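The values are calculated or read from the model by the stated rules, or taken from the named source; none is laboratory data. Computed from a predicted structure; not experimentally measured. Here Cβ is always computed from backbone atoms with ideal geometry, including for glycine, and neighbour counts include all displayed protein chains. Quick note on the areas: whole protein, heavy atoms, side chains included, nothing else; ligands and nucleic acids left out. Shrake-Rupley method; radii C 1.70, N 1.55, O 1.52, S 1.80 Å.
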Amino acid sequence: MKKIITGKNIVKTFGEGSEKTNALNGVNVEIAKGEFVAVMGASGSGKSTLLFALSGMDNISDGSVKFDDIELSELSENKLADIRRTKMGFVFQQPTMLKNLNLLDNIILPTLQDDKKNINEIIQRAKSLMKKTGISGLEKRDTTQVSGGQLQRAGICRALMNSPEILFADEPTGALNSKSAEEIMDLLVNINKDGTAILLVTHDAKVAAKADRILFTKDGVIVSDLLLYKSKGKDMDARIEKVVTQMADVGI
Ligand SMILES: Nc1ncnc2c1ncn2[C@@H]1O[C@H](COP(=O)(O)OP(=O)(O)O)[C@@H](O)[C@H]1O
Ligand SMILES: [Mg+2]
């Protein structure tokens, strides 16, 4: 399988002297094109730092991160921003939306700076994504007039505007009730089926069980790499059980 991301010996240190924290302590990881990978681990184990390192959102202290064979640390700020904007999508626990803009405008806003695209194309793309994610009809709504699940769907639409090769999601279901969380996960599974790779941080076994593969972090390293689709096929209960067992083994 062709790799989209290759991380070698990634080290990330915050602070200095007695304040020094080694958030990542030599992580080696490869993610294939189109793969759906979850990251699990105790709070503070380095999940978010890993996501930030692999996406070039934050610089690393040592080691290497290649995206499509391009070494991210060697890129200029502009070139790196370009790659993040056109080839990567980002979803967080709470989508940051501007309160004075409606849902549709929030979704298209980051794409408007791309002068190669015309506004009608951009709006059509946004509307088709809103349909796909089940929020058609909410275009004119204020961001305060929709549910948390609907807002997260809008956040996902915004992240998919440029048809990214990979979607990075840091606890995207963390603020949702279990029904909305499951709906968002099913949506992510469908997005992945269409070919977008996904790297998703979660501490919910039910959420992680939908991924193809789970990386477990502990004290800034990957301590386990579980291939779910190989071991348990499509039976969700069996997959969840496998995840829960592995969580206990790793000590989460
Ligand atoms: N900006 C930062 N400054 C200082 N320490 C940080 C910063 N971000 C993360 N850390 C530390 O790095 C470690 C890993 O954090 P993080 O990746 O956020 O963990 P997780 O997402 O698994 O909860 C923690 O000890 C955390 O306190
Ligand atoms: Mg985190």
Next on the checklist: For a quick check of your reading of the model, give me the residue pairs whose first member lies in region 17-30 and is over 12 Å from K218 (Cα atoms), whose second is open to solvent by 20 Å² or more (accessible area, probe 1.4 Å) and among the basic types (K, R), with beta-carbon atoms closer than 6 Å and at least 6 apart or on different chains.
Outcome noted: N28/K8; E30/K3
Item to check | Tabulated pairs, region 187-212, first of a type in the set (S, T, Y), second in a helix (DSSP H, G or I), C-beta under 7 angstrom, 6+ apart or interchain | outcome: T202/A208
Checklist entry - Within region 222-249, which residues are within 15 Å of ligand 1 (Cβ to nearest atom), β-branched (V, I, T) and buried (at least 18 other Cβ atoms within 10 Å of the Cβ)? => result I222
Next on the checklist: Residue pairs, Cβ under 6 Å, 6 or more apart or interchain, first in region 48-75 and without any contact (Cβ under 8 Å) to a residue 24 or more places away in the chain, second assigned to a strand (DSSP E or B) and away from ligand 1 (no atom under 13 Å from the Cβ). List them.
Outcome noted: L72/V65
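From the residues in region 33-52 that are over 21 Å from V243 (Cα atoms) and more than 9 Å from ligand 1 (Cβ to nearest atom), which one is most open to solvent (accessible area, probe 1.4 Å)? Talk me through it step by step, then tell me what you get.
Just the residues of region 33-52 that are over 21 Å from V243 (Cα atoms), to begin with: 33-34, 49, 52.
Keeping just the survivors that are more than 9 Å from ligand 1 (Cβ to nearest atom) gives 33-34.
On the way: K33: 73, G34: 27 Å².
My answer is K33.
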Checklist entry - Does M1 count as within 13 Å of ligand 1 (Cβ to nearest atom), within 25 Å of V189 (Cβ to Cβ), among the aliphatic types (A, V, I, L, M) and assigned to a loop (DSSP other than H, G, I, E, B)? => result no
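Quick one: in region 195-206, of everything that is within 14 Å of ligand 2 (Cβ to nearest atom) and not in a strand (DSSP E or B), which residue is modelled with the highest pLDDT?
Keep residues of region 195-206 that are within 14 Å of ligand 2 (Cβ to nearest atom), which gives 199-204.
The next check asks that each one be not in a strand (DSSP E or B); those that pass are 202-204.
On the way: T202: 95, H203: 90, D204: 91.
Checked region 195-206; the qualifying residue modelled with the highest pLDDT is T202.
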Checklist entry - Conditions: (1) in contact (Cβ under 8 Å) with a residue 12 or more places away in the chain; (2) under 24 Å from M247 (Cβ atoms); (3) within 11 Å of ligand 1 (Cβ to nearest atom). T13 meets all but one. Number of the miss? => result (2)
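Go through the residues of region 174-185 one by one and say whether even a single one is within 16 Å of ligand 1 (Cβ to nearest atom) and open to solvent by 10 Å² or more (accessible area, probe 1.4 Å).
Taking region 174-185 first, the residues within 16 Å of ligand 1 (Cβ to nearest atom) are 174-175.
Remaining after also requiring open to solvent by 10 Å² or more (accessible area, probe 1.4 Å): 174-175.
Within region 174-185, one or more residues are within 16 Å of ligand 1 (Cβ to nearest atom) and open to solvent by 10 Å² or more (accessible area, probe 1.4 Å).
So, in region 20-51, exactly how many residues are under 21 Å from D212 (Cα atoms) and either under 12 Å from the mean Cα position of the chain (by Cα) or more than 16 Å from ligand 2 (Cβ to nearest atom) (or both)?
Just the residues of region 20-51 that are under 21 Å from D212 (Cα atoms), to begin with: 27-42, 46-48, 50-51.
Checking which are either under 12 Å from the mean Cα position of the chain (by Cα) or more than 16 Å from ligand 2 (Cβ to nearest atom) (or both) leaves us with 28-39, 47-48, 50-51.
Number of matching residues: 16.
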Item to check | Qualifying residue in region 78-90 (condition: touching a strand residue (DSSP E or B) at 6+ places or on another chain (Cβ under 8 Å) and within 16 Å of ligand 2 (Cβ to nearest atom)) | outcome: yes
Checklist outcome for this item: Over region 217-244, the set of residues touching a Leu at 6+ places or on another chain (Cβ under 7 Å) and either of a type in the set (K, R) or within 16 Å of ligand 2 (Cβ to nearest atom) (or both) is T217, G220, I222, R239, K242
Checklist entry - Limited to region 207-221, what total is found for residues that are over 18 Å from the mean Cα position of the chain (by Cα), surrounded by 22 or more Cβ atoms within 10 Å (Cβ to Cβ) and among the hydrophobic types (A, V, I, L, M, F, W, C)? => result 0
Item to check | Scan of region 88-131 for residues that are open to solvent by 70 Å² or more (accessible area, probe 1.4 Å), in a helix (DSSP H, G or I) and either at pLDDT 95 or above or of a type in the set (A, V, I, L, M, F, W, C) (or both), ordered by number | outcome: L109, L112, I119, Q124, R125, K127, K131
